[in-house]
Amino acid sequence: MKMPRCFFAVALLFAWSPLFPATMHSRVRQVPKATQEQVFITPKETLPELVRFLIAGAGDTGGKVKILHDWICDNIAYDTDVFTDAGAGPQDYESVLKKKKGVCSGYANLMSAMCYYAKIDVDIIPGWSKGFNYPGYLRTKSDHAWNAVKIGNRWQLIDVTWDAGFVEYGTFIKHYSTEWLSRTPAQFIYSHLPEEEKWQLLGEKSIRTGEQFVKEPYIAGIFFDYGLSFGKNAPDYKNSISGVTPFDFVISQSNVAILADIYGDGSLDTDHCIWLENAGKNKRFFVDVPNRKKYTVRLGARTNGVTSNPTYFSQAEYEQSILPGARALLEKKKITQNELDFFEKSYFLVDENHRYYYSEDLFATQRNAANTKILKLLSRNTSRYENVLRFEVVAADGYEGRGTAELFPQMYQAYNTAQNIRLVTPLEAILKAGSEQHFEIATTAFTSLAIVLGDNDFVFFKKNQKTGVFEADFTIPDSIQELNIFASKNGKEYATLISYQVN
């Protein structure tokens, strides 16, 4: 039987869900060599032995489930043959182990078999997902499969496929996660709709219909881990807009930074079609579209201060900047030859999209440390944003879009990463030369703001003692083409905050 193709990812309820550590269990690399090798040759005979070793000393059922999940993520790759005419072939657990590859049904079958030998109640759940290539509607036949395991007296939903990694241009990128191991049913339902309602594991009043599932945006599991929820103006998956449209959400964690972007028509610059108000817990971003084509809005989040190396670099950036920079560090004796060797062997090129991806191995601690050290020395960001929300926007009937004119100012990293900042006015991208402008920026992230016209020409904002808002009244000079606002946390070092064009 030909198996269906399975597609990958990218007022909220919180219910019981086991909390699993985000690190891979070390026991998955301690399997006796003979067992580890033989399970891929004679899986039916060897799998019981492998499972017995993995769960020995694991403690409760939750711990056993975590180890089985981790072993599959570490050893089974997504079978990208599914995207070819040849197809991925049989997806029974024996075939998956012999090939060391599988699609979603293969991952689910293998997890089910391992749980069987571990004496854990398990079921395979077919359904629909908002993963890779989600068309915005439910296909005639379900396109994904995952598991439910019984931990204690409760069922827990698990998607081992999505926790193993992701696919880019026909290449599987290994990327371990527990994102789809620790979700409550109320969180899981935003991206997974089972064929049978009972496997939503929700109360009768909370059951989702197919229409509701399609209407809601894609919400990644980690959306909830970052303490995010929606505010007054929540997006649907498909949104028709007639001009600048706000969307609201809330962050309950103070150490989380967010970033929003919009993409679609590759021939147009959409950087100025979205603007983020990053003030306090209540966040808002404004979106517009340049024409009647479909665009996708993404929200990214990261925890400040947490090291998380980039998943990839563009080919041009890696070959022309990153790699030469790393080699220059050796010449300056800032790193060792061993560290450089680790770094050079850590990335592989995917020709189809011209990117160098990081070859993940969570247990290669020396190599991973060398990568982080080198990237920091090269002043590269080692705290990446993760996609947590995705939805579509399109011009409503009667609206042709705003055209190619830039809508919002250019925001810089200092604005993006500030914990509390909101540009009140002016919000337009282009200021008229000779015009009198009133500037207002609400922020507690900086102590000093200034318009900088030259090396020593600062026009400082004044802080309104009643509102706490920084204000400045300023006549735009005829002699400039760009106006930049800088900000400082100590009154000495300034970083670019916002940039306007001047016509």
>> So in the range 460-483, with the set limited to residues that are more than 36 Å from the chain's Cα centre (by Cα) and small (Gly, Ala, Ser), which one is modelled with the highest pLDDT?
In response: Ala472
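Here is a yes/no grid of residues against (1) farther than 28 Å from Asp79 by Cβ; (2) among the hydrophobic types (A, V, I, L, M, F, W, C):
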{"position": "Thr178", "(1), (2)": "no, no"}
{"position": "Leu181", "(1), (2)": "no, yes"}
{"position": "Glu197", "(1), (2)": "yes, no"}
{"position": "Glu204", "(1), (2)": "yes, no"}
{"position": "Gln212", "(1), (2)": "yes, no"}
{"position": "Lys238", "(1), (2)": "yes, no"}
{"position": "Ile241", "(1), (2)": "yes, yes"}
{"position": "Pro246", "(1), (2)": "yes, no"}
{"position": "Val250", "(1), (2)": "yes, yes"}
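Give the residue that is surrounded by the fewest Cβ atoms within 10 Å (Cβ to Cβ), with candidates limited to residues of the range 195-234 that are in contact with a Pro (Cβ under 7 Å, 6 or more places away or on another chain) and not acidic (Asp, Glu).
Here is the first cut: in the range 195-234, the residues in contact with a Pro (Cβ under 7 Å, 6 or more places away or on another chain) are 195, 200-202, 217, 233.
This time we only want the ones that are not acidic (Asp, Glu), so: 200-202, 217, 233.
Numbers: Gln200: 21, Leu201: 20, Leu202: 18, Pro217: 22, Asn233: 11.
Out of the qualifying residues, it is Asn233.
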> So is Asn291 closer than 22 Å to Asn420 by Cβ and either touching a strand residue (DSSP E or B) at 6+ places or on another chain (Cβ under 7 Å) or modelled with pLDDT of 90 or more (or both) or not?
Replying inline: no
> Within the range 17-30, can one find any residue that is modelled with pLDDT of 95 or more, over 21 Å from the mean Cα position of the chain (by Cα), over 21 Å from Ile158 (Cβ atoms) and part of a loop (DSSP other than H, G, I, E, B)?
Replying inline: yes
>> Taking the condition of being within 14 Å of Thr171 (Cα to Cα), open to solvent by less than 10 Å² (accessible area, probe 1.4 Å) and acidic (Asp, Glu), how many residues in the range 67-112 meet it?
In response: 1
> Just wondering, is there one or more residues in the range 279-292 that are among the basic types (Lys, Arg), closer than 26 Å to Gly136 by Cβ, open to solvent by 30 Å² or more (accessible area, probe 1.4 Å) and not in a strand (DSSP E or B)?
Replying inline: yes
>> Condition first: open to solvent by 50 Å² or more (accessible area, probe 1.4 Å), of a type in the set (Val, Ile, Thr) and closer than 13 Å to Leu375 by Cβ. Now tell me which residues in the range 307-338 satisfy that.
In response: Thr307
>> Go through the range 413-445 and report how many residues are farther than 22 Å from Asp248 by Cα and open to solvent by 20 Å² or more (accessible area, probe 1.4 Å).
In response: 8
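Would you point out the residue of the range 392-406, among those that are under 30 Å from Val214 (Cα atoms) and modelled with pLDDT under 85, that is surrounded by the fewest Cβ atoms within 10 Å (Cβ to Cβ)? Show your work before the answer.
At the first step, the residues of the range 392-406 found to be under 30 Å from Val214 (Cα atoms) are 392-403.
Of the ones still in play, those that are also modelled with pLDDT under 85 are 402-403.
Values: Arg402: 17, Gly403: 10.
Top of the filtered list is Gly403.
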> Hey, Tyr347 hits all of (1) farther than 18 Å from Phe166 by Cβ; (2) in contact with a helix residue (DSSP H, G or I) (Cβ under 8 Å, 6 or more places away or on another chain); (3) open to solvent by less than 40 Å² (accessible area, probe 1.4 Å); (4) hydroxyl-bearing (Ser, Thr, Tyr) but one; which does it fall short on?
Replying inline: (1)
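Just name the residue that is surrounded by the most Cβ atoms within 10 Å (Cβ to Cβ) out of those in the range 374-391 that are under 26 Å from Leu329 (Cα atoms) and under 23 Å from the mean Cα position of the chain (by Cα). Break it down into steps so the answer makes sense when it comes.
Kept after step one, since they are under 26 Å from Leu329 (Cα atoms), are these residues of the range 374-391: 374-384.
Now drop any that are not under 23 Å from the mean Cα position of the chain (by Cα), which leaves 375-376, 379-384.
Working: Leu375: 20, Lys376: 13, Ser379: 8, Arg380: 16, Asn381: 14, Thr382: 17, Ser383: 15, Arg384: 14.
Within the range 374-391, the match that is surrounded by the most Cβ atoms within 10 Å (Cβ to Cβ) is Leu375.
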>> What's the total number of residues in the range 251-269 that are surrounded by 17 or more Cβ atoms within 10 Å (Cβ to Cβ), within 28 Å of Arg402 (Cβ to Cβ) and out of contact with any helix residue (DSSP H, G or I) (no Cβ under 9 Å at 6 or more places or on another chain)?
In response: 3
>> Tally up the residues in the range 171-183 that are part of a loop (DSSP other than H, G, I, E, B) and either closer than 10 Å to Gly221 by Cβ or of a type outside the set (Ser, Thr, Tyr) (or both), please.
In response: 8
>> Taking the criterion of being under 30 Å from Phe230 (Cβ atoms), over 20 Å from the mean Cα position of the chain (by Cα) and either part of a helix (DSSP H, G or I) or not polar (S, T, N, Q) (or both), would at least one residue in the range 293-307 satisfy it?
In response: yes
>> List pairs: first residue in the range 101-127 and of a type in the set (Asp, Glu), second residue open to solvent by 10 Å² or more (accessible area, probe 1.4 Å) anywhere in the structure, Cβ distance under 6 angstrom, at least six positions apart or on different chains.
In response: Asp121/Lys150
>> Among the numbered criteria (1) at pLDDT below 95; (2) open to solvent by 20 Å² or more (accessible area, probe 1.4 Å), which one does Asp341 miss?
In response: (1)
> In the range 291-313, how many residues are under 30 Å from Ala396 (Cβ atoms) and out of contact with any Cys (no Cβ under 8 Å at 6 or more places or on another chain)?
Replying inline: 10
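The values are calculated or read from the model by the stated rules, or taken from the named source; none is laboratory data. From a predicted model like this one, the values you see are computed outputs, not experimental measurements. For neighbour counting, all protein chains shown are included, and Cβ atoms are generated from backbone atoms with ideal geometry for every residue, glycine included. Just the protein is used for accessible areas: all its heavy atoms, side chains included, with ligands, DNA and RNA removed. Shrake-Rupley method; radii C 1.70, N 1.55, O 1.52, S 1.80 Å.
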